[in-house]
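Take a look at the structure below.
We did not get these values from a lab; they are worked out from the coordinates using the rules stated. As the structure is a computational prediction, the values presented were derived from the model and not from experiment. Positions of Cβ are generated from backbone atoms using ideal geometry, with glycine treated the same way; all protein chains shown enter the neighbour counts.
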Amino acid sequence: MTRLKMGMVGGGIGSFIGDVHRKAASIDGMIDLVCGAFSSSEEKSIASAEALGIPKKRAYKSFEEMILEEAKLPQEERMDFVSIVTPNHMHFPPAKMALEHGFHVICDKPMTLTLDEATTLKQVVNSSNKVFALTHNYTGYPMIKQAKAMISKGDLGTIRKVNAQYLQGWLATAVEKTGQKQAAWRVDPKRSGIGGALGDIGTHAENLIEYVTGMQISELAADLSAFGDGRTLDDDGNILLRFENGAKGTLSFSQIATGEENNLGIRVYGTKGSVEWYQENPNELTVRWLDQPKQIYTPGGNGSYPESSEYVRIPAGHPEGYLEGFATIYRSFAKELSQIKKGESPSTVRDFPTVDDGVRGMKFIYAAVESSKNNASWTKI
């Protein structure tokens, strides 16, 4: 296939998530980074471009300039899509403008700063006829694909209970007051939105639940807390869940869970069996049966479904992880864009988070905040 050309908004040198996206986009050899508005500072944007081997003329001082100038280039030269890797408050403006000027978009989560922006963006995506992907990267792990396939095929029977957690400890102290940029914007409502840890990692757990089970959360009861001194946004939360099919669940998240690193996990219980998966040990999916011994599935191992093995890049026993999860989303996104460029209809089922998932995530945030303000009252999404 012809390699796709990517432009980037944000992610200048020194950016954690920008570097992750660049590495992930390059893993499968389908995408080249050709331009960027890497910083709000023109000097920093140019310096970042030079460090990345991008010509100075393709380093832009703003996302507006990048979109307008790239749109003027011949089809074979200009970028095919925009990757947005900025803090939350800078997701919507470049996404909307890029779509309106004929570019596809892949964006970091949560999708927007506000729910109003999310619903507007969905309208823009639908009217633009362009592809929009959201990087809920944990859906890209092979064992998550395996769990999803087993549930969708009915292997576990009727799903009755779901438990998910996402526990970190990096905000256990006031690191935002030490000049730590990653912490500073996440505790700032103007840049993060109405959810703190809720938006940052709670939405990952919410998305993972709905992706794996195929069930939507219908209502929730949330107890959110801001334990950090002077923080206005939540850094911890516990949420009861009710699903449309009558199943029940819990979701616990925290960024003040002292000693935790990136403890994302999910357990799904059906009438015939259950599955259990943890991000810190991503190559194992534990399956427990009502009437059989416990089983451990691994990527590419015996019993792997095609829905899972399709995403395994290396022989069994070699660990794949965080970067590959992102790369899986980029690969699925790139395959669809390539078919569109050839004038073909996409031949595979879209298997990456979309604008609809982004709207769901924002509705989840707003419902949880409203519920917590009302003493954890049950609130519909």
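Below is a table of values for the structure above.
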read-out	value
Relative contact order computed over the chain (Cα-Cα under 8 Å; 6+ residues apart), in percent	19 percent
Within straight-line cross-link reach of LYS153, aspartates and glutamates at Cα separation under 13 Å, skipping those fewer than 8 residues along the same chain	GLU307
Reachable aspartates and glutamates, given that their alpha-carbon falls under 16 Å from the alpha-carbon of LYS272 and they are not under 8 places away in the same chain	ASP155, ASP291
Max mean-square fluctuation residue, GNM over the chain, Cα-Cα springs under 10 Å, options GLY358, GLY303, GLY202	GLY303
Local electrostatic count at ARG331 - Lys and Arg +1, Asp and Glu -1, tallied over other residues with Cβ under 15 Å	-2
Cα gyration tensor, the chain - rounded (a/c under 1.5), prolate or oblate	oblate
Cα gyration tensor, the stretch 308-379 - rounded (a/c under 1.5), prolate or oblate	oblate
Residues PHE81, PHE364, sorted so that the one with the fewest Cβ neighbours within 10 Å comes first	PHE81, PHE364
Nearby aspartates and glutamates by direct alpha-carbon distance to LYS373 (threshold 16 angstrom, same-chain neighbours under 8 apart not counted)	GLU219, ASP223, ASP234, ASP235, ASP236
Most to least packed among 32-44, 93-105 [average Cβ atoms within 10 Å]	93-105, 32-44
Theoretical ellipticity at 222 nm over the chain - DSSP helices of four or more residues, -39500 (n - 2.57) apiece, nearest 500	-10000 deg cm²/dmol
Under Karplus coefficients 6.51, -1.76 and 1.60, residue-wise ³J(HN,Hα) of the stretch 85-100 in Hz, glycine/proline x	10, 9, x, 3, 5, 10, 8, 5, x, x, 5, 4, 5, 4, 4, 5
Protection proxy ranking, peptides 217-227, 335-345, average beta carbon neighbours within 10 Å, highest first	217-227, 335-345
Over the stretch 139-223, relative contact order from alpha-carbon pairs under 8 Å, at least 6 apart, %	35 percent
Prolate/oblate/rounded label for the stretch 1-142 (Cα gyration tensor, a/c 1.5)	rounded
Whole-number percent relative contact order across the stretch 4-130, with pairs defined as alpha carbons under 8 Å at least 6 apart	23 percent
Under 12 Å between alpha carbons - lysine pairs in the stretch 4-130 that sit 8 or more apart or on different chains	5
